[in-house]
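Working notes for the structure below.
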Amino acid sequence: MYSDQTSVIDELNNKFGQQSFVTQPTQDEIPTLWVSKDKIKDVLSYLKHDVPKPYKMLYDLSAIDERERSNRLGQPDSDFTVVYQLLSFERNADVRLKVALKGEFPSVPTITKLWSNANWYEREIFDMFGIKVDGHPDLRRILMPPWWEGHPLRKEHPSRATEMGPFKMPDEKQTMEIDEMQFKPEKWGLEKGSGETDFMFLNLGPQHPGTHGVLRLILQLDGETIVNIVPDIGFHHRAAEKMAERQTWHTFIPYTDRIDYLAGVVNNLAYLSSVEKLAGITIPDRAKVIRVMLSEFFRISNHLVWYGTFAQDVGQLSPVFYMFNDREKIMEFIEAVCGFRLHPGWFRIGGVAADLPNGWDKLVKDFLDYFPPKIKEYEKMVLKNRIFKARTLGIGAFNLDEAVEWGVTGPNLRACGIEWDFRKVRPYSGYENFQFDIPTAQHGDCYDRALVRAAEMWQSLRIIEQCMKNMPEGPYKSDHPLTTPPLKEKTMVHIETLITHFLNVSWGPVIPPGEASVGIEATKGNNSYYLVSDGSTTAYRNHIRTPSFVHMQMVPFISRSYTVADLLSILGSLDFVLADIDR
Amino acid sequence: MSPLLQTIIITVVVLLVLMTIAANLIWVERRMLALWQDRLGPNRVGPLGLVQVVADMVKIFFKEDWIPKFADRPVFFIAPTIVIITVLMSFAVIPFAPGISVVNLNVGLLFFLAMSSLGVYSVVLGGWSSNNKYSLLGSLRAAAQMISYEVFMGLSLMGVVILAGSFNLNDIVEAQGRITWFFIPQILGFFVFFLAGIAETHRLPFDLPEAESELISGFHSEYSGMKFGMFFVGEYLGITLISSMIVTLFFGGWLGPSFLPPVVWFLLKMAVFILIFVLLRAALPRPRYDQLMSYGWKFLLPLSLLNLVVTGLVVLLLK
């Protein structure tokens, strides 16, 4: 483990007394403590403000429907559990707090006053579980439409349309839905005017060329100046977390590709890191390096799409075409290796799907020769362009404290001047063996976010080059019973492996009970899958912590008093993907 | 040939040529943008995709000509015609070659300025009558942009008028034959007029009224079918007009070595500037609205005033 994790338990015990907590061992070794509902606010506040080297960031907040879970050894009795995960930069450590709730529709106190980004997380647990959040300023559904019946992630909610009974649309329901779609500013918490001024409400999206997907932003405008924004998300919600409770551990892999659909295998890696932690699988070196190499290719690919569309958002038409051409080169390599392009789904529990094809290093080398002059050209074309600078310098700035308060991670956080990258501070998949720098910038505005991403592409190239030069020999999959599918050579001669193979492919692998969440540095920020296994072939709960969700939540905060044109710069610079927000 | 018949023939020919140029500019722009953006562009209909224009026209004529229920019908109807009419009217004073112009007005330049100012009504009324917030924002931007850029568009041309001693475009071209092409003494004036011209035709980087990534399509968001087509053709006619004006005022109009007829020289020079318009669109991002305005008022206006003062001074001293 990267740092001393036990001290926080002692600190909490000293402050609140040992009887206040129940400690729960987890596979990811993040200290996990159960706290009672009435103490949770004090404990969180203590961890944020008073403890030495405080836990400044609310990294994740989710819930578990515990009613059907059987393997809960030593955990307090609970129907619904709310899970808070905090992150401390000074300690480089996490802590997870759990609150046990009893009853069908329990309630939990809000922590929106402690952390600004708790707002959407709490709305999400209300929406998904029906857990009421007492004192929440704006407790509405967030991902599901307001007329949805039931709370999807509760175990009794069907996961398929065929289990829901025939679809009916009586007249009242139709009227009600149409009525819901009528725009009423009060319903969104917006004033119609102030003093002499009447505000204009502009509905940006869900179909709009500047929002990069089905995102709806309700703009409250005074002239062209933004007074307030209310994001309306959920149009891209596909219930990935619910699907995870139905798909086997193995067959869920392709779904992860589609969470951040620009990052391809990076999603696989985030998911599998947690699964492998639960299963206790160690990955052979070759598989690790292959994973790193493909992830870095996808990081470049993602940044290219961001680069081009960002330039397009500020009105530059051409860069996006050049960048998509380069991305095509990456896709050709990905296709040569994986057989797929955008969504390879190519990592497997315990390794990768196949070994690298013959001649892969030639393809990598060609790309390494081809790409660097291009990045230089793009810097001249986009970053040094004076109009581009005028549109981005000083726009949408936030400082480090605000970034941490809102849970910002990834390049957006590094643009505020902190060297914080999971690849360096919590190396996974063998990143500790690579030499690369973490680009940072100081001002946290749109331009600095662009600088950081442009610089990251250089570092990714460095990593890819090291992968190419130092690709270890050896198996591409781990020799472990839970590796799915297992190494084929053994299957043909070894009856035990044949049986495991048969079971793991037909039923799916059985992952031992436990909980794990491993954060990785995805292309847009920190991505992690909080997995709860009940010792079966599917996940009992799979919560996906995506970076875009929190970044989008911050948009109103950083966009106020700018103009509509600036809003497009801000949206472009944050680099979000709607599927990554809505899951 | 009677003068009336001659005028009618010239008018019809000019009209046909202009409409053909404007229509084919769709193809030119798409192909050139594609060339500069590493793409192919339309290359399927006819050789090099040249018949694409016909296909587009056929399509756009058969599109449903939809007027939104919430729109102000008569104004919505009139708006796109204004841009076409005003731009075509402006062409009346442009001398394409000695003797080839629809009218030879002694206030030709003023007529051009007046017509191009009227053109803004098209955008403003189109956006207003659409009754759509994006269109409204677009037309508000257009109105502010046009009013401010109109000011130094006029001022920037006064240097040319001082040098030529006339508002007549024919005289201006002939004066350039005597003195020199005016872009040399009037480089500042040319610079300001060119920028104002881009703003006037609201092309990138000054396409704020229709800024796609912000305002969807700005003032013509609600337009479809041939009404949209008219805005489109109006834009290309506008480009042609500004290019012709640049050629006439600063690059010697039809003047050129005698191995080519004057009208060919005129069209060649015009084509160069049209291509520059397209290239600008491929190259530059779009400034923000307030940046555009402050650039205009704080930089271009003083520049054009300076140009005017210096030109006047020099002409007085040389007399």
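The values are calculated or read from the model by the stated rules, or taken from the named source; none is laboratory data. Because the structure is predicted, anything quoted here is derived from the model rather than measured. Using ideal geometry, Cβ is built from the backbone for each residue, glycine included, and neighbour counts are taken over all protein chains shown.
Just a few scattered comments:
- All positions within the range A:186-208 that are surrounded by 15 or more Cβ atoms within 10 Å (Cβ to Cβ), of a type outside the set (F, W, Y) and more than 14 Å from chain B (Cβ to nearest Cβ): A:L190
- Residues of the range B:28-84 that turn out to be under 30 Å from A:G308 (Cα atoms), small (G, A, S) and more than 14 Å from every other protein chain (Cβ to nearest Cβ), as a count: 1
One line per residue, one yes/no per condition, for (1) within 30 Å of A:Y529 (Cα to Cα); (2) free of Cβ contacts under 8 Å to residues at least 24 places away in the same chain; (3) of a type in the set (A, V, I, L, M):
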residue: A:G195; (1), (2), (3): no, yes, no
residue: A:L202; (1), (2), (3): no, no, yes
residue: A:P206; (1), (2), (3): yes, no, no
residue: A:L219; (1), (2), (3): no, no, yes
residue: A:V227; (1), (2), (3): no, no, yes
residue: A:A244; (1), (2), (3): yes, no, yes
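- Some residue of the range A:396-403 being over 23 Å from the mean Cα position of the chain (by Cα) and of a type in the set (A, V, I, L, M, F, W, C): no
- Top-ranked residue in the range A:171-185 [being in a loop (DSSP other than H, G, I, E, B) and more than 12 Å from chain B (Cβ to nearest Cβ); ranked as nearest to A:H136 (Cα to Cα)]: A:K184
- The condition (being of a type in the set (A, V, I, L, M, F, W, C), within 25 Å of A:D28 (Cα to Cα) and at pLDDT below 90) is satisfied by just one residue among A:A354, A:A279, A:A270, A:A287: A:A279.
- Evaluating B:S217 against the criteria (1) under 22 Å from B:K59 (Cα atoms); (2) within 14 Å of chain A (Cβ to nearest Cβ); (3) buried (at least 22 other Cβ atoms within 10 Å of the Cβ) leaves one unmet condition, (3).
- Check on A:H250, more than 18 Å from the chain's Cα centre (by Cα) and within 12 Å of chain B (Cβ to nearest Cβ): no
- Answer from A:T112, A:T175, A:T162 - the residue that is out of contact with any strand residue (DSSP E or B) (no Cβ under 6 Å at 6 or more places or on another chain), surrounded by 15 or more Cβ atoms within 10 Å (Cβ to Cβ) and hydroxyl-bearing (S, T, Y): A:T112
- Of all residues in the range B:271-287 being within 14 Å of chain A (Cβ to nearest Cβ) and under 13 Å from the mean Cα position of the chain (by Cα), the one that is nearest to B:I26 (Cα to Cα): B:V278
- Filtering the range A:199-239 to residues that are under 23 Å from the mean Cα position of the chain (by Cα), within 22 Å of A:I395 (Cβ to Cβ) and small (G, A, S) leaves A:G205, A:G210, A:G213.
- So A:K168, is it away from every other protein chain (no Cβ under 14 Å), over 31 Å from the mean Cα position of the chain (by Cα) and among the basic types (K, R): yes
- Screening the range B:250-270 for residues that are among the hydrophobic types (A, V, I, L, M, F, W, C) and part of a helix (DSSP H, G or I) and picking the one that is farthest from the other protein chains (Cβ to nearest Cβ) gives B:V263.
- As for the range A:244-262, it holds at least one residue that is surrounded by 20 or more Cβ atoms within 10 Å (Cβ to Cβ) and either over 23 Å from A:R541 (Cβ atoms) or basic (K, R) (or both).
- Candidates B:M245, B:M293, B:M226 - the one that is in contact (Cβ under 8 Å) with a residue 60 or more places away in the chain, among the hydrophobic types (A, V, I, L, M, F, W, C) and under 30 Å from A:Y378 (Cα atoms): B:M293
- When B:L313, B:L301, B:L279 are checked against the criterion of being surrounded by fewer than 16 Cβ atoms within 10 Å (Cβ to Cβ) and closer than 27 Å to B:S243 by Cβ, a single residue qualifies: B:L279.
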